[in-house]
Amino acid sequence: MTISDRQAAMTAFLEAAGWADAVHHPLPGDASTRRYIRLERAGERGGERAMLMDAPAAAEAPVCPPDASPEERAALGYNAVARLAGSNLIAFAGLADALCERGFSAPTILASDVEAGFLLLEDLGDDLIARLLPGDLHEGTLYARAVDVLAAIYRSSFPAAVERDGQSWPLLGYDATALQAEADLFLDWFLAKQAGVTLDDAARADWQAIWARAFKRLDHCPPGLVLRDFHAENLIYLPDRDGEANIGLLDFQDALMGHPAYDLVSLLEDARRNVERKLAVPLKARFVEQAGIADAAGFDAAYAVLGAQRNAKILGIFVRLAVRDGKQRYLDLLPRVARHFVADLQHPALMPLHMWVKSHAPQVFAEAHK
């Protein structure tokens, strides 16, 4: 589809939704193939706003069939291996509906054409937690509220699949295949492209065997919904709403069923901003209590495993964004992510991984000290 064809399709969608006369304010792009446009129009009670999500179909690799084997997923590409939603809008819209039904503040879907790749969303505003800090609101208070939302999501039940417009999207497991593929981005991009290191087959096999053992620590906690990108730039403060609804949720279309420590790591080991270090211990304890986690020590080990996994992934992704996509600004974030990664490696549960990194990837320690 040409740019003019895409524009015509968007115009037709907005006309059908009653927003043809809206003024368009494109938002800055992120690391995905989606784009967002804020819409403003005159209404009966003054100005009205909504958000248009434009996600062209087939802009990314195929998604994961529910019953695909690891080999079949590898043949389909990275989205299938890591169980990412790509440009599939059923995932976002169905999850938004499911979250709203349970009292959480995902954007309400105002209109949808998932086949064409358009959603019209409730505009939750601009008060991202990342923009409010530092400021009049206390960081600990906002982060405690975000932790309360995570605990409430974990306590909530979700169906095996979510639905929208007569179509369904399965909530698959965040399995070892997906976790390993993400961790391997550290080797393929950070080590290979940023540090210039080429591993032999034995070193790579050792890396994967270490992770396979580490991932077994995730089996001792019942799975819950993991949003996979839960951090201050995807959370909106909504002071006029009560309880868990006062934190708006964005960017959750890649959600899977997995260990609840993953989203807590995303929040507290933020790749884009420094979270006050003294908050980590009490906030982890707050989550463990509110989520009803029985084994606090086991949760702490799983937190370290998923922290190391997520930060290894992000180190790889940020280099990939710079090298492959020309988004050089992501390289500026590498030292912070490297510091998180190195800190996670200090946990006793990760001693084998720590030793492997010291032997094969010492460059990450240098990155952490920049």
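The values are calculated or read from the model by the stated rules, or taken from the named source; none is laboratory data. Just so we're clear, the structure is a prediction, and the values are computed from it rather than from any experiment. Virtual Cβ from ideal backbone geometry, glycine too; neighbours counted across all protein chains shown.
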Leading residue by the ranking (modelled with the lowest pLDDT) among those in the stretch 15-38 that are of a type in the set (A, V, I, L, M) and under 29 Å from D325 (Cβ atoms): A31
Condition test on L321, is it surrounded by 14 or more Cβ atoms within 10 Å (Cβ to Cβ), farther than 20 Å from L264 by Cα and of a type in the set (A, V, I, L, M)? yes
Every pair of residues 6+ apart whose Cβ atoms lie under 9 Å, when the first sits in the stretch 94-117 and is over 12 Å from L250 (Cβ atoms) and without any contact (Cβ under 8 Å) to a residue 12 or more places away in the chain while the second is surrounded by 20 or more Cβ atoms within 10 Å (Cβ to Cβ) and among the β-branched types (V, I, T): C100/I109
Just to verify a result, which residue in the stretch 232-248, among those that are in contact with a Gly (Cβ under 8 Å, 6 or more places away or on another chain) and within 20 Å of R155 (Cβ to Cβ), is surrounded by the most Cβ atoms within 10 Å (Cβ to Cβ)? L235
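Suppose the filter is crowded, with 16+ Cβ neighbours inside 10 Å, outside any strand (DSSP E or B) and of a type in the set (A, V, I, L, M); does A214 pass it?
yes
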Within the bounds of the stretch 249-268, is there any residue that is within 21 Å of A176 (Cβ to Cβ), touching a His at 6+ places or on another chain (Cβ under 6 Å) and buried (at least 16 other Cβ atoms within 10 Å of the Cβ)? yes
State all residues of the stretch 87-101 that are surrounded by fewer than 24 Cβ atoms within 10 Å (Cβ to Cβ) and not hydrophobic (A, V, I, L, M, F, W, C); if no residue qualifies, say none. S87, N88, D97, E101
The listed residue being at pLDDT 95 or above and either farther than 30 Å from R277 by Cβ or polar (S, T, N, Q) (or both), out of R155, R102: R102
Just one of the numbered conditions (1) surrounded by fewer than 19 Cβ atoms within 10 Å (Cβ to Cβ); (2) part of a helix (DSSP H, G or I) is not true of A294; which one? (2)
Out of the residues in the stretch 80-111 that are touching a helix residue (DSSP H, G or I) at 6+ places or on another chain (Cβ under 7 Å) and not hydrophobic (A, V, I, L, M, F, W, C), which is nearest to Y174 (Cα to Cα)? R83
Exactly one of A349, A308 is under 19 Å from L268 (Cα atoms), touching a residue at least 24 places away in the same chain (Cβ under 8 Å), buried (at least 18 other Cβ atoms within 10 Å of the Cβ) and among the aliphatic types (A, V, I, L, M), and that one is A308
Filtered residues of the stretch 226-263 (kept if assigned to a helix (DSSP H, G or I) and more than 14 Å from the chain's Cα centre (by Cα)): G243, E244, A245, N246
Have a look at K284, K313 and point out the one that is within 14 Å of the chain's Cα centre (by Cα), at pLDDT 95 or above and among the basic types (K, R). K313
Residue that is surrounded by 14 or more Cβ atoms within 10 Å (Cβ to Cβ) and under 24 Å from P170 (Cα atoms), where the choices are L76, L39: L76
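Take T141 and decide whether it is among the polar types (S, T, N, Q) and farther than 22 Å from I90 by Cβ. Even if it seems obvious, please write down each step before you answer.
Values: among the polar types (S, T, N, Q): yes; farther than 22 Å from I90 by Cβ: yes.
When the stated conditions are applied, T141 passes them.
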Quick one: is V342 under 23 Å from the mean Cα position of the chain (by Cα), over 15 Å from A183 (Cα atoms), surrounded by fewer than 19 Cβ atoms within 10 Å (Cβ to Cβ) and aliphatic (A, V, I, L, M)? no
When you look at A271, is it aliphatic (A, V, I, L, M) and either within 11 Å of the chain's Cα centre (by Cα) or not in a loop (DSSP other than H, G, I, E, B) (or both), yes or no? no
Of all the residues that make up the stretch 299-331, how many are in a helix (DSSP H, G or I) and charged (D, E, K, R)? 5
D200: free of Cβ contacts under 8 Å to residues at least 12 places away in the same chain and either surrounded by fewer than 21 Cβ atoms within 10 Å (Cβ to Cβ) or under 30 Å from Q328 (Cβ atoms) (or both), yes or no? yes
